[in-house]
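The block underneath contains the structure these notes are about, expressed in structure tokens.
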Amino acid sequence: MNNKVRLMDIKNEAEKKRVISFLDESFGLGYDEDTEQTLVVERGDSIVATASFSGNVIKQIAIDEKFRGEGLTAPLLGETVREMLSRGRSHIFVFTKPANIEIFKGLGFRKVGGTLTDAALLEWGSEGIDKYKKELAISRFGEEGSASAVVVNCNPFTKGHRHLIECASSESEAVYVFVVETEKSLFQFDERIEMVREGVKDLVNVAVLPGGQYIISSATFPSYFTHSKDLLRVQTELDAEIFAEHIAPVLGIEKRWVGREPYCQVTETYNNALKKILGLYNIKLSVINRIKEDEKIVSASAVREALRMGDMDTVRKMVPQTTWEYISSERAKHTIEKIKKTLSRH
Amino acid sequence: MEKRNAKAGSLESSDLLVVIEENKPGEELEIVMHSIVEKQYGDRIVQIAHEIATQKGLANVRILIQDRGALDYAIRARIETAMERFERGL
């Protein structure tokens with residue numbers, strides 16, 4: 001039996017179309033446009049199995065029903081893992097249905113989350129959630145008591161973020177602010193975390209931490225960045241579960257703070273998922289009303305829009321002095337240029 | 001996220017995949033092993049990896065072994081090959 005796994009040239013439109021129609025016809029699965037590499041097993045001219053990845057996440061795994069039981073899974077996923085390793089990705093993630101967990105476990109994947117939800121997240125490699133938790137524990141500070149968490153992207157850091165963190169700071173012993181680390185925003189992670197650090201410097205009970213691989217990353221939460229709505233609820237719940245199950249206990253977090261979401265469907269779904277899942281772990285959720293400037297709700301997207309239009313007056317009103325200084329600096333020039341040229345929401 | 005590594009083997013049944021990664025400066029030899037027969041043979045597999053790494057004088061690396069029930073000599077061969085590839089890549 002020829003179970004040879006082939007790397008597909010997805011820049012070739014005809015090749016890509018074959019994968020798209022295989023996924024669609026056999027499984028009703030979509031094909032993500034940000035797919036980096038696709039691998040296939042073929043019999044004659046037909047694709048019988050496929051897997052893809054982008055970054056460190058494996059996705060779009062499908063094996064033709066007629067060829068189940070022929071041992072295609074091990075070579076297909078083994079080759080996918082090897083190819084990812086060749087590109088320097090040694091910490092690998094996969095999303096799957098809970099029913100498939102055992103298949104992945106047999107190949108060395110370990111479960112991260114998915115006890116309460118319709119999707120499970122598994123990981124592979126020498127890095128893992130246990131190691132992350134050990135490193136995270138070092139950041140714990142303050143007396144035993146009510147610690148809070150805020151998770152922010154800050155693209156860029158606005159007065160709204162500042163307000164949210166201030167609220168948390170005034171009511172908690174310790175506040176951990178996690179900055180989303182995934183690079184899918186116009187402001188780079190380094191810029192974003194520095195704006196946050198500068199912006200909360202005066203709040204002594206606030207620690208700013210990188211969000212890492214387990215908080216709204218491409219692994220825990222791909223739809224946040226791709227906007228495929230069908231998966232959104234499940235993934236937001238999974239992200240919430242990983243936070244509640246793994247991260248909160250390490251830092252003694254008893255409350256999570258979020259801003260009320262009037263516009264963005266993704267964020268609203270996320271807030272609902274947090275409410276549902278965190279409650280099961282006895283973690284409270286505080287929803288803070290958005291602040292306004294000149295009757296307009298302060299938000300990072302409004303700031304980006306103003307930057308795009310060159311409306312520096314609005315920018316100045318919506319961001320704290322620290323962010324304003326950064327935006328006006330030489331270092332931010334490249335990012336500001338990028339914002340002016342793009343139409344991306346993120 | 002991207003780190004230099006070398007590998008040998010596969011995830012097929014009765015085989016193993018060995019990945020050697022550069023560790024952070026100052027860190028010691030680290031062996032991470034997962035096996036379907038971990039309870040019975042886990043210690044033995046780690047011992048083999050340790051022996052070979054010591055022989056070769058590889059110190060500042062992390063060795064990941066994902067075993068699916070390979071035999072001793074296969075384990076040795078995979079680990080040695082991965083280490084040679086890693087050294088050649090230096």
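None of the figures in this text is laboratory data; all of them are computed from the coordinates on show. In this text the structure is predicted, and so the values were computed from the model without any measurement. Here the Cβ is made from the backbone with ideal geometry for all residues, glycine too, and neighbour counts use every protein chain on show.
Which loop-located trypsin sites (Lys or Arg not before Pro) does region A:234-265 contain, where loop means any DSSP state but H, G, I, E or B and the Cβ has at most 15 other Cβ atoms within 10 Å?
When the trypsin sites (Lys or Arg not before Pro) of region A:234-265 are filtered for loop state and at most 15 Cβ neighbours within 10 Å, A:260 remain.
Taking the Cα centre of the protein assembly as shown as the origin and placing charges on Cβ (Lys, Arg +1; Asp, Glu -1), which of A:63, B:79, A:324 is farthest toward the positive end of the dipole?
So the residue we want is A:324.
Pop the C-beta distance of residue A:137 and residue A:68 into the FRET formula with R0 = 41 Å and round what comes out to the nearest 0.05.
That pair, residue A:137 with residue A:68, gives E of 0.45.
Using the alpha-carbon atoms, what tilt in degrees (0 to 90, nearest 10) does helix A:189-200 show relative to the longest principal axis of chain A?
Long axis of A:189-200 versus the principal axis of chain A: about 30 degrees.
Once each part is reduced to its C-alpha centroid, what is the distance from region B:1-68 to region A:175-217 in angstrom?
34
Can you give the average number of partner chain beta-carbon atoms within 10 Å of each beta-carbon in peptide B:25-32, as a whole number?
1
Before anything else, pin down the relative contact order of region A:231-346: Cα pairs under 8 Å, at least 6 apart, normalised by residue count, whole percent.
21
In whole Hz, what ³J(HN,Hα) sequence does region B:64-70 give by Karplus (6.51, -1.76, 1.60; θ = phi - 60°), x for Gly and Pro?
Karplus-based 3J(HN,Hα) across region B:64-70 equals 9, 10, 10, 9, 10, x, 6 Hz.
Taking N as the number of residues in region A:131-341, what is its alpha-carbon radius of gyration divided by 2.2 N^0.38 Å?
Here the Cα radius of gyration is 0.99 times the empirical estimate.
Output the relative contact order of chain A, whole-number percent, from Cα pairs under 8 angstrom with separation of 6+ residues.
13
What distance in nm separates the two pseudo spin-label positions at residue A:291 and residue B:59, each 7 Å out from Cα along the beta-carbon direction?
5.4
By count of other Cβ within 10 Å, fewest leading, how are B:67, A:45 ordered?
Going from least to most buried by this count: A:45, B:67.
Note down the nm distance, to one decimal, between modelled labels 7 Å out along Cα→Cβ at residue A:312 and at residue A:119.
For the pair residue A:312/residue A:119, the computed spacing is 4.2 nm.
Treating only the Cβ atoms of Lys and Arg (+1) and Asp and Glu (-1) as charged, compute the dipole magnitude of region A:80-173 about its Cα centre; round to the nearest 20 debye.
500
So, in Å, what gap is there between the alpha-carbon centers of region A:236-250 and region A:14-90?
Centre-to-centre distance over Cα atoms comes out at 29 Å.
Would you mind getting me the FRET efficiency between residue A:343 and residue A:110? Use the beta-carbon distance for r and R0 = 30 Å, nearest 0.05.
Calculated value: 0.15.
Would you mind checking which residues have amide H under 5 Å from residue A:59's amide H? H placed 1.01 Å from N; only 5 or more apart, or other chain.
When sequence neighbours closer than 5 places are left aside, the close amide H contacts are A:52, A:53, A:54.
Whole-Hz Karplus ³J(HN,Hα) for region A:234-250, in order, using 6.51 cos²θ - 1.76 cosθ + 1.60 and θ = phi - 60°, x for Gly and Pro?
4, 6, 5, 5, 5, 4, 5, 5, 4, 4, 6, 6, 9, 8, 4, x, 5
Roughly how many nanometres apart are two label points built 7 Å out from the Cα toward the Cβ at residue A:6 and residue B:13?
Placing both labels 7 Å beyond Cα along the Cβ direction yields 2.7 nm.
In peptide A:146-156, how many Cβ atoms from other protein chains are near each Cβ within 10 Å, on average?
Per residue, the number of nearby Cβ atoms from other chains is 0 on average.
Using the 10 angstrom Cβ neighbour count as an exposure proxy, how do A:341, A:184 rank, fewest first?
A:341, A:184
Charges at C-beta only: +1 for Lys and Arg, -1 for Asp and Glu. How large is the resulting dipole of region A:1-89 about its Cα centre, in Debye rounded to 20?
300
Within 10 Å of each candidate Cβ there may be at most 13 other Cβ atoms; applying that plus a DSSP loop requirement, which GluC sites (Glu not before Pro) in region A:74-165 survive?
A:143, A:144
Take each of the peptides B:74-83, A:53-62, A:26-35, average the number of other beta-carbon atoms within 10 Å over its residues, and list them starting from the highest.
Top of the packing list down: A:53-62, B:74-83, A:26-35.
Using only atoms on other chains, find how many Cβ atoms lie within 10 Å of each Cβ of peptide B:10-23 and report the average.
4
What residue among A:278, A:234, A:174 has its Cα farthest toward the positive end of the dipole of region A:131-341, where the charges are +1 on Lys, Arg and -1 on Asp, Glu, each on the Cβ?
A:234
Using R₀ = 25 Å, calculate the FRET efficiency as 1/(1 + (r/R₀)^6) where r is the Cβ-Cβ separation of residue A:102 and residue B:77; round to 0.05.
0.30
When the gyration tensor of region A:1-89 is built from Cα positions, what are the square roots of 5 times its three eigenvalues, in whole Å, from largest to smallest?
Each semi-axis is the square root of five times an eigenvalue, giving 18, 16, 12 Å.
If all Cα-Cα distances of region A:1-154 are sorted into 5 Å bins from 0 onward, what percent lands in each bin, rounded to whole numbers?
Calculated P(r), rounded to whole percents: 2, 8, 16, 18, 19, 14, 8, 6, 4, 3, 2, 1, 0, 0.
What is the set of long-range amide H partners of residue B:32 at a cut-off below 5 Å, with H atoms built 1.01 Å from backbone N?
B:63, B:64, B:65
How far is the Cα center of region A:106-132 from the Cα center of region A:277-346, in Å?
Between the Cα centres of region A:106-132 and region A:277-346 lies a distance of 34 Å.
Using only alpha carbon pairs under 8 Å that are at least six residues apart, calculate the relative contact order of region A:1-89 and give it in whole percent.
26
What is the dipole size for the protein assembly as shown, taken about its Cα centre, with +1 at each Lys and Arg Cβ and -1 at each Asp and Glu Cβ, in debye to the nearest 20?
The calculation lands at about 460 debye.
I'm checking a number: the convex hull volume of the Cα atoms of region B:5-88, normalised per residue, in Å³. What is it?
77
Can you return the lysines within cross-link range of residue A:317? Criterion is Cα-Cα under 30 Å, with same-chain partners fewer than 8 residues away left out.
Answer for residue A:317, where 30 Å is the Cα cut-off: A:159, A:184, A:201, A:255, A:292, A:296, A:333, A:338, A:340, A:341, listed by chain and number.
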